[in-house]
Structures are given as C-alpha cells and as structure tokens.
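Notes follow once the structure below has been shown.
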C-alpha cells in the first residue's frame, strides 16, 4: 500500500474514533458541572477537522476512509461510561484522556519515523500537525490534574 494512503488512513481512523469517543464523553457529562467540557468541545472540533481533511484526501483517490468497527466503538462507549460513573471529576477524565493521547502520540511518532523518507512532504506535515494536536492536548489536560 502507498505510504501516503496508509498514513491518511491511520489519521482518518484515529480521528473518527476521537470524534466518536469525545461525543460519547460529552454526552456522559451533559448534566454535570465539569470545567473540562470546553476543552473537550475544542478537541472534538479538531478531530472533526482531521477526519474531514483525511477523508477528502482519500476520496480524491477513490479510497473509502477506514472506521473502527461497531464493537470497538461500543467498547469505547462502555469504558467511558464506566469510568465516568466511577469518577467523573475533571482530574480523572484528564488522566484517562492523557493516557489515550500519549498512546496516539507514540503511535504517530512510529509512523513518522517509518515513513519520513518515503511519504509526501505535505502528508508528513499533516501527520506531524496531528501529533502536535495530541501533544498540545496532553499539556492542556494536565491543567486539570
């Protein structure tokens, strides 16, 4: 598979899951007083942007963006629901999200390392920007701990 396509498929899939998980988390916090909700709304918009751009890139190549399966999404919803029932404090939510963003950042670093000499410069920049979004989100979330 073309490395540019592989990178964009990864971002598409990750951003789609980010949109789904963030919406699920916001739904669980709907009637609560959490201060973290504003940051989550910003993250949701950013995930939607990355999904849209990656989807448009893939669409031009007649490639269907990959999405996580229903089972994975349901598992994510259940995990989010269980975690917020157990502890819905901003600190607990921030810790949970930092874990996810850290794993995503490490995964993106691996992809960048693997494809830095093979992929298109614009695609690499897009992936680096997505990684910076992860890193900025980690820093933003630390203020809630």
Discussion item. Would you confirm whether or not region 17-26 contains a residue that is part of a helix (DSSP H, G or I) and loosely packed, with under 13 Cβ neighbours inside 10 Å?
Written reply: no
Worksheet item: How many of the residues making up region 36-45 are surrounded by fewer than 19 Cβ atoms within 10 Å (Cβ to Cβ) and assigned to a loop (DSSP other than H, G, I, E, B)?
Response: 0
Worksheet item: Just to be sure, is residue 9 more than 16 Å from the chain's Cα centre (by Cα) and either at negative phi or in a helix (DSSP H, G or I) (or both)?
Response: no
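Which residue out of 55, 83, 135, 48 is touching a helix residue (DSSP H, G or I) at 6+ places or on another chain (Cβ under 8 Å), under 15 Å from residue 17 (Cα atoms), assigned to a helix (DSSP H, G or I) and without any contact (Cβ under 8 Å) to a residue 40 or more places away in the chain?
Exactly one of 55, 83, 135, 48 is touching a helix residue (DSSP H, G or I) at 6+ places or on another chain (Cβ under 8 Å), under 15 Å from residue 17 (Cα atoms), assigned to a helix (DSSP H, G or I) and without any contact (Cβ under 8 Å) to a residue 40 or more places away in the chain, namely 48.
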Worksheet item: Which one is surrounded by the fewest Cβ atoms within 10 Å (Cβ to Cβ) among residues in region 86-99 that are within 13 Å of the chain's Cα centre (by Cα) and touching a residue at least 40 places away in the same chain (Cβ under 8 Å)?
Response: 98
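Please enumerate the residues belonging to region 58-76 that are in contact with a helix residue (DSSP H, G or I) (Cβ under 9 Å, 6 or more places away or on another chain), more than 15 Å from residue 97 (Cβ to Cβ) and in a helix (DSSP H, G or I).
Passing the criteria: 58, 72, 73.
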Worksheet item: Is region 28-35 home to any residue that is out of contact with any strand residue (DSSP E or B) (no Cβ under 7 Å at 6 or more places or on another chain), at pLDDT below 95 and assigned to a helix (DSSP H, G or I)?
Response: yes
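The values are calculated or read from the model by the stated rules, or taken from the named source; none is laboratory data. Model, not experiment: these values are computed from the prediction. No Cβ is skipped: glycine too gets one built from the backbone with ideal geometry, and neighbour counts run over all protein chains shown.
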